[in-house]
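Presented below is the structure to which this report refers.
The values are calculated or read from the model by the stated rules, or taken from the named source; none is laboratory data. A quick note: this is a predicted structure, and the numbers were derived from the prediction, not measured. Glycine also receives a Cβ, built like all others from the backbone with ideal geometry; neighbour counts cover every protein chain displayed. We work out accessible area using only protein heavy atoms, side chains counted, and drop any ligands, DNA or RNA first. Shrake-Rupley method; radii C 1.70, N 1.55, O 1.52, S 1.80 Å.
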Amino acid sequence: MNRRLFLATALLPALRAQAAESPQAILAASDAVRNPARPFSVTVTLIEYRQGRQTDSNTLAVYSKADPASGQYRSLIRFVAPQRDANKLMLKSGNDLWFFDPASQASIRLSPQQRLLGQAANGDVLTVNLARDYKAQLLGTEETVDGEKARRQCDKLQLAAAAPDVTYHHIEMWIEEGSARPVKGRFFAESGRLLKTAYYRKFATQLGRERPTEVVIIDGLDPQWVTVMRYSDYAWRDVPDAWLQRDYLPRFKPE
Amino acid sequence: MPPRTALIASMALACAAPAAAQQDDAAALELADKAATEKEAAKQHRVYVEGAGLRGWLRGGPTTDVARASLDLRYDTTFAPGWRAVLSDRLDLIHSDDAPRERNVNALREAYVSWQARPDVILDLGRVNIRHGAAWGYNPTDFFRDGALRSIVSPDPARLRENRLGTVVVQGQKLWERSSLSAAYSPKLEDRPSDATTSLDLGSTNAHHRWLIAGSHRFGERLNPQFLLHGGKGKTTQAGLNVSTLIGDATVAFAELAAGKGPTLIAEALGRIDTERWRRRAAFGLTYTTAFNLSLTAEADFNSAAPDRAQWDALRTASLADSLRYLQAAQDLQDLPVRRAAFLYATWRDALLRRLDVSGFVRWDAVTHSRSQWLEARYHWDRVDLALQWQKYSGDADSVFGIVPQHRAVEVSVRVYF
């Protein structure tokens, strides 16, 4: 290969990225696909599989809004099903995490490691604002197979944690060129261990734009541990700031 | 291995790993394609029935068998914009081979109407379970806890908080962006408690005029303390503080304090005249959660109104009956019966086996060195729970938990949700 042509080919992705958008802007555009800009509500159904068999399912009603100061999402989550957990609540505002059981009227502060109710912790793969917490670097462009077996031309980003208390040490993210749709994410621990792989799929128009209505999460250690998260009943919903505190939990009742 | 073969082998491995991962991903996505599409609708009620058989061992050898059937319901509805009604009730039908043979108890735990006049102003009227506290085993700021236990089916502090009577109140709450202030007034409605099966038992929860003010402010992600003031007719004002914070991503630290003038717990329990002095009650602790979802809580509890060793020995030597009455009253008041105690609580979800939850506690009395212990294994299917619980009081014959007559009990229960 001609030396000049080789250089031009090698530099092409970097030149194209520079001419187009910065990796951080690509990431922010992808965040905007996942996360509505105004306060909203959504119903989340989680179905968990082990060894090919359904082992658990939960349904949650989620009210969410972005914190203007941090950009991160703050959410009130009510458990709809199963019956034993019905009407229990969680308040999640970054690492400020509270659990409320209406039967005992107990508001308990939780640590991020504490999972009182099944796979709900997986919710962070959807409503987290990655561009705020991670520094993005473009690794290149590549064609990848999405969650519905279609081939998509993607920007592959490497995200490094920019804050000390984020859940994942680093993330690999495939974002479709042009549409900024998140296609696939791989989430890693500090040790380099793969924690989970997420496929964003079943895009449909929700709250004014195309958004994923299903995320399939595959455990990093045990690929036969699969969680399907379905998002439905999207609606714009006013969530006053005053509701996003521990002492409002006994009052919260979604419509 | 020859270099060429080694190179080919390592290249094959490098290619095989992503290929295997792709196969795993494809299998997972195929599974997701088959996932059911229906979703469960929100229900306004939670109802379950429970059947249980218990065997208790009394000191000296005799045993007692108890059978229990329970119906537990909670109904929570919005009947007009901004208006909410809550009903929570539990019926326990208890048959024992010891006297009293039949003991049936209905507990109307909550029955109130709530009006959210504005998103930041709420008013409540009716019987409300108002509960405060950051600690697990002992909650000195849970000011409406005394007299609230009408039927005890488990010593687990989480269950005691659930199976208790609310207080009839008029309550208002105002919210700000980072703060909340609530005030509750609980009027006197009856003079004394009632054991009648269907009694509202207002004498247990509303025997005096009482009031409570609670405020909290969110200083940041890690600090959201709560301040309380509580008083009433014939009761000196008590102040309380609840605070908890996060240490790392796996540990929560908490502190709960209450202070105010009052009698000793012995005087309050036995109806003796006593000088009111400053009394301090406190609980401090940590909850650590492992990566495999085992949560361990260690808590130090303190109650300056409770007897020290000399005061306990004096009570115990004077009368065993008075000592037992004292312990019963401390349980009714949900107060710590000893000056200092340590409380260890563990709860492990999916303990070695999916759907198996194991919980347990040890409360160690640091004054007379006795223990109260409880362990539960609960396996749950979608709508059915099967639970085995074990309880034991141990200690010397002159220690606090060592005098409890029924020193050991085992219970098997089945719960079905509807």
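Taking Cα pairs under 8 Å and at least six residues apart, what relative contact order does chain A come out at, in percent?
Details: 526 pairs, mean separation 52.0, N = 255.
Answer for chain A is 20 percent.
Projected onto the charge dipole of the protein assembly as shown (+1 at Lys/Arg Cβ, -1 at Asp/Glu Cβ, origin at the Cα centre), which of B:Ala329, B:Leu223, B:Thr63 gives the Cα projection farthest towards the positive end?
Going by the Cα projections, it comes out as B:Leu223.
Just give me a number: lysine pairs in chain B, eight or more positions apart or cross-chain, with C-alpha atoms less than 27 Å apart.
9
Report, to the nearest 10°, how far helix B:320-333 tilts away from the longest principal axis of the Cα atoms in chain B, using its own Cα long axis and a range of 0 to 90°.
Taking Cα atoms only, the helix is inclined about 60 degrees.
What number, rounded to the nearest 500 deg cm²/dmol, is the helix-based mean residue ellipticity at 222 nm of chain B, given -39500 (n - 2.57) per DSSP H run of at least four residues and division by all its residues?
Result for chain B, helices only: -5500 deg cm²/dmol.
Relative contact order (percent) for the stretch A:194-255, with alpha-carbon contacts under 8 angstrom and 6 or more residues of separation?
Relative contact order for the stretch A:194-255 comes out at 24 percent.
What angle do you read, to the nearest 10 degrees and between 0 and 90, between the alpha-carbon axis of helix A:23-34 and the longest principal axis of chain A?
40 degrees
Sticking with the crude label model, points 7 Å out along Cα→Cβ, report the distance from B:Ala298 to B:Tyr75 in nm, one decimal please.
4.8 nm
Determine, from the Cβ-Cβ distance of B:Arg325 and B:Ala27 and an R0 of 60 Å, the FRET efficiency 1/(1 + (r/R0)^6), rounded to the nearest 0.05.
That pair, B:Arg325 with B:Ala27, gives E of 0.35.
Mind putting a number on the dipole of chain B about its Cα centre? Charges go on the C-beta only, +1 for Lys and Arg and -1 for Asp and Glu, and I need it in Debye to the nearest 20. All intermediate terms of the calculation are to be shown ahead of the outcome.
Values: 52 positive and 49 negative charges, 161 e Å.
Here the size comes out at about 780 debye.
Given Cβ point charges of +1 (Lys, Arg) and -1 (Asp, Glu) and nothing else, what value in debye, to the nearest 20, does the dipole of the protein assembly as shown about its Cα centre take?
The dipole of the protein assembly as shown has a size of about 640 debye.
Express in nm, to one decimal, how much length is gained between B:Arg355 and B:Ala42 on full extension, taking 0.36 nm for each residue of separation and deducting their alpha carbon distance.
Gain on stretching B:Arg355 to B:Ala42: 110.4 nm.
Provide the gained length on full extension for the span B:Thr251 to B:His95, in nm with one decimal, where the gain is 0.36 nm per separating residue minus the Cα-Cα distance.
The span from B:Thr251 to B:His95 would gain 51.8 nm if fully extended.
Quick one: if the Förster radius is 30 Å, what FRET efficiency do B:Trp115 and B:Arg383 give, using the C-beta to C-beta distance and rounding to 0.05? Please list the in-between numbers first.
Numbers: r = 34 Å, r/R0 = 1.14.
E(calc), rounded to 0.05, equals 0.30.
What total accessible surface area, summed over both chains, is buried at the interface between chains B and A, computed with a 1.4 Å probe and given in Å² to the nearest 100?
5900 Å²
Counting other Cβ atoms within 10 Å, which trypsin sites (Lys or Arg not before Pro) in the stretch B:60-129 have at most 16 and lie in a DSSP loop?
Working: sites: B:Arg68, B:Arg74, B:Arg84, B:Arg90, B:Arg101, B:Arg103, B:Arg109, B:Arg127; in loops: B:Arg101.
Here the trypsin sites (Lys or Arg not before Pro) that fit, given the DSSP loop and packing criteria, are B:Arg101.
Given A:Leu130, B:Ala42, B:Leu123, which one lies farthest toward the positive end of the charge dipole of the protein assembly as shown, if we put +1 on the Cβ of every Lys and Arg and -1 on the Cβ of every Asp and Glu?
Working it through, the farthest residue towards the positive pole turns out to be A:Leu130.
Assign unit charges at the C-beta atoms only (+1 for Lys and Arg, -1 for Asp and Glu), then state the dipole size of the stretch B:110-192 relative to its Cα centre in Debye, rounded to the nearest 20. Display every interim value, and only then the final one.
Numbers: 12 positive and 10 negative charges, 7 e Å.
Using only the charged Cβ atoms, the result is roughly 40 debye.
Between B:Asn104 and B:Asp398, what is 0.36 nm times their sequence separation minus the Cα-Cα distance? Round to one decimal in nm.
102.5 nm
On C-alpha positions alone, give me the angle between the axis of helix B:3-33 and the longest principal axis of chain B, in degrees, nearest 10.
50 degrees
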